[in-house]
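Read the structure below first, then the notes.
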Amino acid sequence: MNADTTGPHVVVAGGGIAGLAAAHRLAVAGHRVTLLEAGPRLGGKLLAGEIAGAPVDLGAESLLARRPEAVALARAVGLGDRLQAPATTTASVWSRGALVPMPKGHVMGVPGDARAVGGLLSEEGVRRIGRDAELPPTEIGEDIAIGAYVADRMGHEVVDRLVEPLLGGVYAGDAYRISMRAAVPALFDAARAHPTLTAAVRAVQQAGAAVPADAAGAATGLGGSVFLGVDGGVGTLPGAVAAAIRAAGGEILTDAPVTGLRRTGRTGWQVVTGDRVLDADAVVLATPAGPAAALLAPHAPAAAAELDAVAYASMALVTLAFRRTDMPALAGSGFLVPPVDGHTIKASTFSSQKWRWVTDGAPDLFVLRTSVGRHGEEEQVHREDADLVAASLKDLAAATGLAARPVATTVTRWPGGLPQYPVGHLARVVRVREAVAALPGLRVAGAAYDGVGIPACVVSAHRAADEIADEIIATSKRTDPGAGHSR
């Protein structure tokens, strides 16, 4: 369906996956759409690249398949036959100098049975988990920091050795500050309904077990994989979405930062980008919190103040290619690193073992990557490339015995890449949305709101797009009772 070039015009600010998903939702529904991206490329934290001729993701590498939205978007833009389950999902934790298999039977690192973590925690740490059953219920209230709550119930060791490295991989943040309600909502709800944390974890596990094992597979056609990749890289998704937007009649402009918003009449907007001013009936701000705050300040100062308070973490990915013949035997898809042990890297992914498409593209090479940087560690991310590579090789050697020298290296930095979700984050999001919704024809979307993963960003985008579309239809009916758009 081609967009109506004479109908209401929606401008989407931000060309990351949220902005692209919002523009796609609107364009295929027949609305006239212009997407403006400040930088030279689309995709935000999704970036496909290559190293020594091997294809690789240089940003996000997988889609959470148990949430259907990102997989559905990939299928809608023609990538369905390229979706690929990981070749292996077994991972380890590099703890106290040894690679220990990731324990099973946990919810974001919180065990439902102390025996499951016996190989990772000390004897005292295992005994401390058992004390959860003896403690009185904890008053959780409207929100609580997951690290602080778990430490109070089960001890600091389970947080430091399991919860922290798992959450660090998602948020690059501090588990002792991250909102349990925002980061692990199922566990938050269960913890409010059960007297002990152990009982809450088991309730979450039982709820998951009640869903057929192939439930995710029914939606994806790829079995029950928790995560899926894309042949050629998840970084190819933005280009496919952009192509679909253009095919539906949408316009996409890069190197076009939005520098101002102006109200025109009761419902209209003018969007300023460079020396151009675009007239819009509605706007979706799918930018990070800071730029959104600057644009909202003249119109919704309360929302702008809330968004200004959203902190971001920076990180770097170090991608290394080795001759396969030089590699030691490595098990699984990679390993996580507890920050308490004081190493530079926080994780390593064995890309050539995790994704078949990487091996197919370069069978003689072994590609892996490490991640560096957590909230409050900006100095790590800004080290010279050679320093980050050397630090990664040092940690890899200590963890795996890897002594080979890489044939190629690439460092990709993501400054301000991951918004932080401290206690009270979801309440902040409600306040932002309420303030923005008071402005006709304006909505917000992106990783700063409902989740940092790709499906969560798509959900945020679709919510904003659908609310804008509903407003357009309602306005059209008020001005012309016989008018309306089919969706």
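Summary table
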{"read-out": "The one condition in (1) more than 24 Å from Y449 (Cβ to Cβ); (2) touching a residue at least 60 places away in the same chain (Cβ under 8 Å); (3) in a strand (DSSP E or B) that V277 fails to fulfil", "value": "(2)"}
{"read-out": "Any hit, segment 188-195, residues being among the basic types (K, R) and at pLDDT below 90", "value": "no"}
{"read-out": "Where a residue in segment 108-136 is closer than 12 Å to H156 by Cα and its partner, wherever it lies, is open to solvent by 10 Å² or more (accessible area, probe 1.4 Å) and part of a loop (DSSP other than H, G, I, E, B), with Cβ under 6 Å and at least six apart", "value": "V126/G118"}
{"read-out": "Single residue of G265, G290 found to be within 24 Å of the chain's Cα centre (by Cα) and either open to solvent by 20 Å² or more (accessible area, probe 1.4 Å) or at pLDDT below 95 (or both)", "value": "G290"}
{"read-out": "Any chance K45 is within 28 Å of G332 (Cβ to Cβ), at pLDDT 95 or above and open to solvent by 20 Å² or more (accessible area, probe 1.4 Å)", "value": "yes"}
{"read-out": "Segment 51-82, subset of a type in the set (D, E, K, R), touching a residue at least 60 places away in the same chain (Cβ under 8 Å) and open to solvent by 40 Å² or more (accessible area, probe 1.4 Å), residue nearest to L253 (Cα to Cα)", "value": "E69"}
{"read-out": "T138 vs. criteria within 26 Å of the chain's Cα centre (by Cα) and either more than 30 Å from L365 (Cβ to Cβ) or open to solvent by 30 Å² or more (accessible area, probe 1.4 Å) (or both)", "value": "no"}
{"read-out": "Whichever residue in segment 1-28 is over 17 Å from A280 (Cα atoms) and at pLDDT below 95 and, among such residues, is most open to solvent (accessible area, probe 1.4 Å)", "value": "M1"}
{"read-out": "Matching residues, segment 295-306, being of a type in the set (A, V, I, L, M) and more than 23 Å from the chain's Cα centre (by Cα)", "value": "L295, L296, A297, A300, A302, A305"}
{"read-out": "Residue within segment 369-382 that is closer than 16 Å to D231 by Cα and part of a loop (DSSP other than H, G, I, E, B) present", "value": "no"}
{"read-out": "Those residues of segment 168-179 which are surrounded by fewer than 24 Cβ atoms within 10 Å (Cβ to Cβ) and among the aliphatic types (A, V, I, L, M), in sequence order", "value": "V170"}
{"read-out": "Residues of segment 124-143 that turn out to be closer than 16 Å to G112 by Cα and either assigned to a helix (DSSP H, G or I) or among the small types (G, A, S) (or both), as a count", "value": "10"}
{"read-out": "Members of segment 333-351 found to be outside any loop (DSSP other than H, G, I, E, B), over 16 Å from V381 (Cβ atoms) and open to solvent by 10 Å² or more (accessible area, probe 1.4 Å), listed by number", "value": "L336, V340, D341, T349"}
{"read-out": "Residue that is nearest to G169 (Cα to Cα), among those in segment 298-318 that are without any contact (Cβ under 8 Å) to a residue 60 or more places away in the chain and open to solvent by 50 Å² or more (accessible area, probe 1.4 Å)", "value": "D308"}
{"read-out": "Subset of segment 397-427 [assigned to a helix (DSSP H, G or I) and within 25 Å of the chain's Cα centre (by Cα)]", "value": "H425, L426, A427"}
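The values are calculated or read from the model by the stated rules, or taken from the named source; none is laboratory data. All of these numbers come straight from a predicted model, not from anything done at the bench. Neighbour counts are summed over all protein chains in view; Cβ atoms, including those assigned to glycine, are modelled from backbone coordinates with ideal geometry. Side chains included, ligands, DNA and RNA excluded: accessible areas come from the protein's heavy atoms. Shrake-Rupley method; radii C 1.70, N 1.55, O 1.52, S 1.80 Å.
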